[in-house]
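Heads up: the structure comes next, in structure tokens.
Readers should treat all values here as calculations from the given coordinates under stated rules, not as data from a laboratory. Here the structure is a predicted model, which is why all the values come from computation and not from measurement. Positions of Cβ are generated from backbone atoms using ideal geometry, with glycine treated the same way; all protein chains shown enter the neighbour counts.
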Amino acid sequence: MNAQKPGLHPRNRHHSRYDLDALCATHPALRTFIVTSPAGEATVDFANPDAVKALNKALLAHFYGVAQWDIPAGFLCPPVPGRADYIHHLADLLAESHDGNVPSQASVLDIGTGANCIYPLIGSYEYGWRFTGSEVDPVAFASAQAIVNGNAGLSRSIRLRRQKDPAAILSGIIHKNELYDATLCNPPFHDSARSAQAGSERKRRNLGLAATGALNFGGQQQELWCEGGEVAFISKMIDESKQFARQVLWFSSLVSRGDNLPPLYRALTQAGAVKVVKKEMAQGQKQSRFIAWTFMDEAQRKRWAQNRFKG
């Protein structure tokens, strides 16, 4: 018998169905994209990238106080509930070393923050954390910066850094003597443009749509694929993380496929990680997870929390 699939995190704001009237009141442009489902219910046309973007604008404004949010055409439009889940589970991980209390003063590094800047937007709103977002793509960087600049107060909690070396992940971003309580990352999960294309076509089929040859769901090359796929990307991050073992409490990354975990666990063992945690997440039928690792033992983690965390 299968264990019950885990649902959204208890603190996630998106447990109930979308209140489309409330969302349209917040972001009236969404109303253009409301369609009637075969069951006769109002829903959003998820096959239309403009509709998905309008939904995201409404969700971010309604739930997270983000008045100005946009992304350039063709960039990844992230599912907000799933991204929020990662933030909440990461908060629980930080709370473990802090007597079960989520720290209100944490400094988090978002690797590859993307044009959407989604994790810093949610994490700064939910917990008051400070974020540094790294980004290699100049167009994505400019988009994320425009989001930060376009919303009052965000520049106090979110700063962005260009990754000037496309072959590096943490190096060049974490400066000397800087400390981070956690890192998070949504890595490119395909190993080639062809694989990314096949994933897009599969999504279209699942929505009952014809194949188009286009990447309908958005995403630039750096967002969707890299040589060797996510195993290669995360393995490189694990290798680089050794250099920053005393500057970061928890490193973490999403892992899109469960069968990618064994080689990553081997890489973590080789790197000398002291503790490795896997957090399972689910949003509807979609299963995901992230792994987190630290080079500090329990006593060192407690001491870190005493020195760093308030609230």
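Search the structure for amide H atoms under 5 Å from the amide H of V44, placed 1.01 Å from N in the peptide plane, and list their residues when 5 or more places away or on another chain.
The answer is V35.
Among the listed pairs K53/K242; K164/K310; K279/K310; K53/K164; K57/K164, give every one whose C-alpha distance is greater than 32 Å.
K53/K242; K164/K310
Count charges around L59 for me, please; just the other residues with Cβ under 13 Å from its Cβ, Lys/Arg as +1, Asp/Glu as -1.
Combined, the nearby Lys, Arg, Asp and Glu give +4.
Enumerate the amide H contacts of Q163 below 5 Å, restricted to partners 5 or more residues apart or on another chain; note that Pro and chain-start residues carry no placed amide H.
It is E135, V136, by chain and number.
Provide the FRET efficiency to the nearest 0.05 for the D99-Q285 pair, computing r from the beta carbons and using R0 = 51 Å.
The pair D99/Q285 has a calculated efficiency of 0.90.
Taking the Cα of A67, stepping 7 Å toward and past its beta carbon, and measuring to each backbone N in the stretch 140-156: which are under 11 Å?
Under cut-off, by backbone N: 150-153.
Would you kindly state how much longer the chain becomes between N307 and D92 on full extension, computed as 0.36 nm times their sequence separation minus their alpha carbon distance, in nm to one decimal?
That pair, N307 and D92, stretches by 75.6 nm at full extension.
What are the residues whose amide H is under 5 Å from the amide H of F131, where those residues sit 5 or more places off or on another chain and H is modelled from the backbone?
Answer set, sorted by chain and number: V108, I158, R159.
How big is the gap, in Å, between the Cα center of the stretch 17-41 and the Cα center of the stretch 101-135?
If we compute the Cα centre of each part, the gap is 29 Å.
Using 0.36 nm times the number of residues separating A152 and A29, minus their current alpha carbon distance, what extension gain do you get?
Going from the current span to full extension adds 42.1 nm.
Going by the alpha-carbon gyration tensor, a ≥ b ≥ c the square roots of its eigenvalues, is the stretch 66-127 rounded (a/c under 1.5) or, if a/c is not under 1.5, prolate (a/b greater than b/c) versus oblate?
Taking the square roots of the gyration eigenvalues as a ≥ b ≥ c, the stretch 66-127 is prolate.
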